[in-house]
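These notes concern the structure reproduced below.
Read-outs: derived from the displayed coordinates by stated rules, not from any lab. Remember, it's a predicted structure, so these values are computed and weren't measured experimentally. Please note: Cβ atoms are built from the backbone with ideal geometry, for glycine as well, and neighbour counts cover all protein chains shown.
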Amino acid sequence: MKKIIFSLLTATLFLLTSCKPSDEQISESVQKVLTSNTSLSPISASVKDGVVTITGEVESDAAKTLAEGSLTGIKGVKSVVNSVTVKPAGPTPEELKKMSDDALLKKVNDNFATYKVQGITATVGDSIVTLTGQIKRSELKNAMKAAMESGATKVENKMTIK
């Protein structure tokens, strides 16, 4: 009787372990999931003893969470170690434009100092420099030169001659 019970337990244990997918099979399933979703394609995975470790960089926290959630349901996966990072958010197009305009304004003002231009105000919008204020005719050339050398796409002269 003991031999029969032992034989049944051994057979059951053998069946249970033989039904468990290998790390290689788990890895194949993981790769299918990761490549089926473009937001997960930058992620790499490795499997050891049923533990999946994922690395890489994705665009959002949602993609990071999706990656882990998508893999936990794969047969044979015991756990997922999520080492995926999220790309830091860069400046928006509006912020880039403002940064560019601010840098252009600084360059114009630096050029004003170089050419000793006084009493003129420069404003920048969409890489267009607008000059306002009163200026002597003899200083007009230097004011325009300072604005044009800044890298502006256009210089609007709204200055008045004193």
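Tally Lys and Arg at +1 and Asp and Glu at -1 over the other residues with C-beta under 15 Å from the C-beta of ASP126: what net charge comes out?
Spelling it out: positives minus negatives among the neighbours equals -2.
Taking only Cα atoms, what is the 0 to 90° angle, nearest 10, from helix 61-72's long axis to the longest principal axis of the chain?
10
With r as the distance between the Cβ atoms of ILE161 and THR121 and R0 = 22 Å, compute the FRET efficiency 1/(1 + (r/R0)^6) and round to 0.05.
0.90
Which of THR38, THR65 has the fewest other C-beta atoms within 10 Å, and how do the rest follow up to the most?
Ordered by Cβ neighbours within 10 Å, fewest first: THR38, THR65.
How high is the relative contact order of the chain, in percent, with contacts defined as C-alpha pairs under 8 Å that are six or more residues apart?
Computed over the chain, the figure is 15 percent.
Between GLN134 and ALA103, what is the FRET efficiency for a Förster distance of 30 Å, r being their Cβ-Cβ separation, to the nearest 0.05?
E(calc), rounded to 0.05, equals 0.65.
Of LYS97/LYS162; LYS97/LYS141; LYS20/LYS87; LYS98/LYS145; LYS98/LYS158; LYS97/LYS145, which ones are farther than 32 Å apart at the Cα?
Table pairs above 32 Å Cα-Cα are LYS97/LYS162; LYS20/LYS87.
Working from Cα positions, state the angle (0 to 90°, nearest 10) between the long axis of helix 2-19 and the longest principal axis of the chain.
The helix 2-19 is inclined about 20 degrees to the chain.
Using the 10 angstrom Cβ neighbour count as an exposure proxy, how do ASP23, ASP49 rank, fewest first?
ASP49, ASP23
Could you list LYS64, LYS87 so that the one with the fewest beta carbons within 10 Å of its beta carbon is first and the one with the most is last?
LYS87, LYS64
When Lys and Arg each count +1 and Asp and Glu each count -1, what net charge do the other residues less than 13 Å away from LYS87, Cβ to Cβ, add up to?
-2
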